[in-house]
Amino acid sequence: MERKDTRSGFGAGLTELGKTNKNVVALCADLTGSLKMGDFANNHPDRFFQVGIAEANMIGMAAGLTVGGKIPFTGTFANFSTARVYDQIRQSVSYSGKNVKICASHAGLTLGEDGATHQTLEDIGMMKMLPNMVVINPCDFNQTKAATIAIADHKGPVYLRFGRPKVTNFTPENQKFEIGKAVPLVKGIDVSIFATGHLVWPALESVKLLKEEGISAEVINIHTIKPLDKKAILESVKKTKCVVTAEEHQMNGGLGDSIAQLLCRELPTPLEMVAVDDSFGESGPPMKLMEKYGLTKNNIVSSVKKVIIRK
């Protein structure tokens, strides 16, 4: 299968929106090339604002643009899209429900050689805690493109997270993206694997390894972390009676945390999390870092074996 970076999926979606929605405007904090926003900027210079290295100002400008009916898409690295501007997002966007789309690239360990200061692993937790905020973490190029287009029609703030590395592009090209609607990928009866973002493909790869050992795994792509598709999760867990979550994020505050909260309230179930365990990242090749920090198909397999024993 072809491998493509999810940030290019964002760029392709933004290009499409530039042609079809005249209210869409884009703002970038001096990273037009990295965010793949160049095509939009070249074709719609009157709707593109290069704000420079001034992320807080960018969020304030975006909030103001919504008052006039515009749909602003902001673009910078995930670390700068969240931690650096959290006050501005909370006060100017989330609190008043402004229609701002915060689009964040280079998330997680797969940022690679730029190191721990840029590899944000806390952003999903930060953003999902904000009232009114939708949090989306698509898995490949096609899904990121579809998500980018879909969030323009959603009224209210959205955090869209994607990354730099080329990953397997396996979802349908012309898919319909539904915010808050999980996507079942493989049916199984022994364990539910809920994966998001760059960990969805390793989850699918783990199915083959588990099958060799007689384990039938169900895999569901949770591209929207908030609002969570509670119905899909509970239906799967009622069948399998144990859970593994997989994500390129801190164990605290991520997808696993959200599913654990749901299950504690609705359906207490054994659960294991494949995620970064309370640690910052470091500089290195993306896939080597994923191995070191335990975010691979083999780690998913190990977690499945562990959680099945707890049933």
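The values are calculated or read from the model by the stated rules, or taken from the named source; none is laboratory data. None of these values were measured; they are calculated from a predicted model. FYI the Cβ positions are ideal-geometry reconstructions off the backbone, even for glycines, and counts take in every protein chain you see.
Say we look at region 170-217 and pick out the residues that are surrounded by 18 or more Cβ atoms within 10 Å (Cβ to Cβ) and hydroxyl-bearing (S, T, Y); which of these is nearest to I124 (Cα to Cα)? By that ranking, first place goes to T196.
One residue stands out in region 218-240 among those that are out of contact with any helix residue (DSSP H, G or I) (no Cβ under 8 Å at 6 or more places or on another chain) and surrounded by fewer than 18 Cβ atoms within 10 Å (Cβ to Cβ): the one that is farthest from S192 (Cα to Cα), namely P227. A search for C-beta distances below 7 Å between a residue of region 28-42 that is farther than 18 Å from N79 by Cβ and any residue that is β-branched (V, I, T) and part of a helix (DSSP H, G or I), counting only pairs 6+ apart in sequence or on different chains, returns D39/T15; F40/T15.
This table checks each residue for (1) farther than 30 Å from T117 by Cβ; (2) over 21 Å from the mean Cα position of the chain (by Cα); (3) of a type outside the set (G, A, S).
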{"residue": "I179", "(1), (2), (3)": "yes, no, yes"}
{"residue": "P184", "(1), (2), (3)": "yes, no, yes"}
{"residue": "G188", "(1), (2), (3)": "yes, yes, no"}
{"residue": "E218", "(1), (2), (3)": "yes, no, yes"}
{"residue": "K238", "(1), (2), (3)": "yes, yes, yes"}
{"residue": "C242", "(1), (2), (3)": "yes, yes, yes"}
{"residue": "D257", "(1), (2), (3)": "no, no, yes"}
{"residue": "V274", "(1), (2), (3)": "no, no, yes"}
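Here the condition is being of a type in the set (G, A, S) and touching a residue at least 60 places away in the same chain (Cβ under 8 Å); of G197, G214, it holds for G197 alone. Any residue at all in region 38-46 that's under 24 Å from T168 (Cα atoms), of a type outside the set (D, E, K, R) and part of a helix (DSSP H, G or I)? Within region 38-46, one or more residues are under 24 Å from T168 (Cα atoms), of a type outside the set (D, E, K, R) and part of a helix (DSSP H, G or I). How many of the residues in region 1-36 are farther than 24 Å from V67 by Cα and assigned to a strand (DSSP E or B)? Total meeting the criteria: 3.
Annotation note: Cβ proximity below 9 Å between a residue of region 289-308 that is surrounded by 15 or more Cβ atoms within 10 Å (Cβ to Cβ) and a residue that is basic (K, R) and part of a helix (DSSP H, G or I) (sequence gap 6+ or interchain) occurs for K297/K208. Looking across E266, E272, one residue alone is surrounded by 19 or more Cβ atoms within 10 Å (Cβ to Cβ), outside the structural domain of V135 (by TED's automatic domain parsing) and without any contact (Cβ under 8 Å) to a residue 60 or more places away in the chain. It is E272.
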